[in-house]
1. Mind listing whichever residues of segment 85-120 are in contact with a strand residue (DSSP E or B) (Cβ under 6 Å, 6 or more places away or on another chain), β-branched (Val, Ile, Thr) and more than 23 Å from Ile139 (Cβ to Cβ)?
2. Of the conditions (1) touching a Gly at 6+ places or on another chain (Cβ under 7 Å); (2) not polar (S, T, N, Q); (3) not assigned by TED's automatic domain parsing to the domain that holds Lys88, Ala183 satisfies every one except a single condition; which number is it?
3. Is there a residue being closer than 30 Å to Gly94 by Cα, without any contact (Cβ under 8 Å) to a residue 60 or more places away in the chain and surrounded by 12 or more Cβ atoms within 10 Å (Cβ to Cβ) anywhere in segment 154-168?
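The values are calculated or read from the model by the stated rules, or taken from the named source; none is laboratory data. None of the values given here were measured: they were computed from a predicted structure. We place every Cβ from the backbone using ideal geometry, glycine too, and count neighbours over all the protein chains shown.
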Amino acid sequence: MKLLVVSCALLALSTALPQRRVSLKPEQQEAEDQLPAEQNYNNYQQQQPDYRQQQQQQDYRPAKQIDDFRPKVQLDTTTFIPIIRFDKEQGTDGSYKTAYETGNNIQASEEGFLRSVGEDQNALVQQGSYSYTAPDGQIITVEYTADELGFRVKGDHIPTPPPVSPEIQKGLDLIYAGIKANAERAALEAKNNPEAARQQEDRAALDYKGTYYQQ
């Protein structure tokens, strides 16, 4: 019983006294201090790639703004069509002839010349044709003429207007007849009374300008 009491007293006394650390040599102490830091650094470097790979950065910008900054890759391909044939003749009087054909079955030809339409007045007349293959496989052929009367074109694929009814055609004929009669009457009046014709022309010029003739 006495031995047990003495053992408990010694244990309590040793716990109450301050603990004393056993001192190491300087090189041992330095190695002990540096070892945990090196291990921590190595572990940090090894874990960084895995951490960065696992982490996903969240972008709070609107989706449209994000798409605007993303690089857009667009691949454009071009198929070059060769020119199989090209002919041109140029005359010294302004006339010419030209024709060409391409590798995708386009054929065209045109000729032009000068035609007199009045005193010291010439009009360039151009006429020709061209053909090509439509997406549905149909061969489209167009013939055209351009001169002092305007541009006129012909082709089987061009829609045609419905025929004019007899009533409308009769009204158009009356209008054209009235225009022709007025032109003949003005020409006869100008021949018989040049002064009156000149005054009529002056009145028409004033009316055209918006000033209108007043007697």
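1. Val117
2. (1)
3. Going residue by residue through segment 154-168, those that are closer than 30 Å to Gly94 by Cα are 154-155.
Next, only the ones that are without any contact (Cβ under 8 Å) to a residue 60 or more places away in the chain stay: 154-155.
Subsequent filtering for residues that are surrounded by 12 or more Cβ atoms within 10 Å (Cβ to Cβ) retains 155.
Taking every residue of segment 154-168 in turn, at least one turns out to be closer than 30 Å to Gly94 by Cα, without any contact (Cβ under 8 Å) to a residue 60 or more places away in the chain and surrounded by 12 or more Cβ atoms within 10 Å (Cβ to Cβ).
Residue-by-condition table, conditions (1) in a helix (DSSP H, G or I); (2) at pLDDT below 90; (3) under 30 Å from Gly112 (Cβ atoms):
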{"residue": "Glu143", "(1), (2), (3)": "no, no, yes"}
{"residue": "Gly178", "(1), (2), (3)": "yes, no, no"}
{"residue": "Ala181", "(1), (2), (3)": "yes, no, no"}
{"residue": "Glu189", "(1), (2), (3)": "yes, yes, no"}
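Table: residues versus (1) farther than 30 Å from Pro82 by Cβ; (2) under 31 Å from the mean Cα position of the chain (by Cα); (3) in a loop (DSSP other than H, G, I, E, B).
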position: Thr98; (1), (2), (3): no, no, no
position: Glu111; (1), (2), (3): no, no, no
position: Arg115; (1), (2), (3): yes, no, no
position: Thr160; (1), (2), (3): yes, no, yes
position: Ile168; (1), (2), (3): yes, no, no
position: Asp173; (1), (2), (3): yes, no, no
